[in-house]
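Following: one structure in structure tokens, then a few remarks.
Where a number appears in this text, it was derived from the coordinates with a stated rule and is not lab data. Just so it is clear, the structure is predicted and the values come from calculations on it, not from any experiment. Glycine gets a Cβ as well: all are built from the backbone with ideal geometry, and neighbour counts include every protein chain shown.
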Amino acid sequence: MSGARRRTARGAAVATAVLLGGLIPGAQASSGLREVDLELAYTCELPEGAPAGSGVPVKVGITARLPESARPGQAVQPEDVTLEAELPEGTIPEPAGSPAASVSAETRLGIDVSQEGRRAQAEWVGTTAESVPVPAEGGLPLTTTGTVPYVKPAASGDMAFDAGDLAVELTLKTADGMPAEPPGLSLGCTLDPDQETELAKLEIGEGGGEGASETSPPASSSSGRPPTGAEAEPEVGARAEQPTRPDAPPCVGDVNNDLNLNAYVTGYANVTKLKGASRIPLACTQIQQGPTRVDLSEPGFTHIYQDSTALLDYEGKPQLPPVSSTFLTFGFMPTTATLEMTQIPPGVKADGTPDYNVSSHLVVDWTDFSNTGTTTISLDLTLRLRDVEVNGVPLDVGDNCRTSKPFPLTLVGRMTSKDGVQTGYTLVTGGVLEGSVTLPSFSGCGADEDLDSLFTASLSGVPGYVKQVQGAPCAAAQHVPGTENAVCTDGYEPIDVPVAIR
């Protein structure tokens with residue numbers, strides 16, 4: 001019997017090790033969700049008088065995550081909805097007076113929800129995270145993200161999501177941030193014929209629903225019974241509007257430190273072995289700005305250097321918030337685990353202050369008054385796994401199942417500024433940083449048997465791409481409560497809570 005128990009435990013451990021990648025930043029997210037990735041061809045009609053004329057072709061990429069299945073009356077909430085498109089050159093008008101230098105966009109994608117001959121209409125709305133510079137030549141790339149309404153099936157039977165027509169609203173600004181002429185542009189886009197428009201099809205039955213929201217009560221008819229037949233149309237919820245400041249972990253700045261910044265960060269990470277991506281949980285980071293050095297030795301250029309220190313901050317500890325997640329092993333066996341990602345703090349200098357792990361370099365080109373900047377952030381991290389369960393049965397990985405040594409994560413953000421239009425990342429404005437991470441081998445995993453090699457084989461040794469977004473930081477010492485355009489709450493937390501983008 002003991003041998004049989006050992007083989008069963010080992011089998012469960014193999015399943016867990018293979019799919020725990022979905023819980024680890026740098027690995028595939030499973031959670032009973034499917035990845036949607038579809039490219040569609042549209043024809044966009046431009047307003048009368050636009051230089052490009054009407055009927056321009058536009059390729060649109062749509063990505064999202066939806067549950068594999070759900071139950072009647074259970075809310076299905078699409079997540080991580082992203083739309084990517086490139087408008088052809090000439091779409092933006094070029095008047096002689098006030099030409100557009102940057103563009104922000106809102107997209108509205110019609111969604112046809114159908115189930116057993118019954119239909120409902122939803123709308124997926126997204127916006128650009130920041131203004132996009134209008135290129136001197138070539139197409140204009142746009143990426144929009146946003147929250148979208150849930151859909152609640154009222155009966156069993158497959159429920160399909162199909163993409164429909166698309167509307168694009170552009171806001172145009174000049175190089176000095178003023179409205180361009182014209183200040184906006186509206187595009188109506190229709191799907192080209194003879195293409196597959198289905199984004200996903202969910203199985204709706206009494207036994208499904210591992211990946212759907214449990215927060216909404218079952219739909220019912222006026223009789224109090226679940227609706228059936230002609231009554232049973234899918235219910236579309238109101239659009240989940242983005243609040244001024246979404247729920248986020250505490251992130252309080254130091255009002256007594258003129259050089260302290262506190263900011264929220266989030267993002268996605270890939271693991272090559274599992275060919276997937278997972279979200280980095282929203283986290284707080286405390287940034288201590290260091291001294292600035294100016295170099296005038298190169299004619300025509302000014303080089304400005306600054307070294308700073310960034311430290312994760314969760315309940316006073318240098319780590320990301322622990323992640324507890326439930327997903328399906330092999331599509332049917334629920335597996336849960338909690339992960340703890342901890343930063344090894346930088347060393348300490350002779351004066352007792354932390355060593356620097358952030359390097360910023362700004363170059364001012366006086367020949368054309370343009371700026372370029374690069375910021376490099378270096379973190380040393382460890383990863384611990386705990387509270388692992390397979391199908392509700394605890395799998396004892398021990399109290400010290402973690403990476404065998406700290407591993408580095410280096411993130412790089414880049415900025416350009418020309419003609420008064422700045423794009424990209426700086427420490428004091430936020431933006432996107434990119435890098436890669438390679439998990440080392442695991443050690444200390446398994447109380448009754450050695451599981452190190454299983455976790456190592458599944459997760460370690462191959463670099464994974466990381467895309468992190470930092471929100472605009474709060475400078476608590478400079479915040480004046482009640483003022484307009486503040487970047488801090490009156491509790492000295494950042495107002496800007498970023499959304500992860502791929």
Each residue of segment 111-124 in turn: what ³J(HN,Hα) in whole Hz from Karplus with 6.51, -1.76, 1.60 and θ = phi - 60°, glycine and Pro shown as x?
-> 10, 9, 9, 10, 8, 6, x, 9, 9, 9, 10, 10, 9, 9
³J(HN,Hα), Karplus 6.51/-1.76/1.60, whole Hz, each residue of segment 80-93, x for Gly, Pro = 6, 6, 9, 10, 10, 8, 10, 6, x, 4, x, 5, 7, x
Show me 149-158, 434-443 ranked by packing, highest mean number of other Cβ atoms within 10 Å first.
-> 149-158, 434-443
Sorted peptide list for 35-41, 408-414, 365-371, criterion being average Cβ within 10 angstrom, highest first = 408-414, 35-41, 365-371
May I ask you to evaluate 6.51 cos²θ - 1.76 cosθ + 1.60, the Karplus curve with θ = phi - 60°, for each residue of segment 65-77 and list the ³J(HN,Hα) values in order in whole Hz, giving x for glycine and proline?
-> 10, 10, x, 6, 7, 7, 10, x, x, 9, 5, 9, 10
Would you list ILE344, ILE204 from fewest to most Cβ contacts within 10 Å?
-> ILE344, ILE204
Mind ordering 376-389, 284-297, 113-126 by average Cβ neighbours within 10 Å, highest first?
-> 376-389, 113-126, 284-297
Rg [Å, one decimal], Dmax [Å, integer] - segment 260-478, C-alpha atoms = 20.4, 69
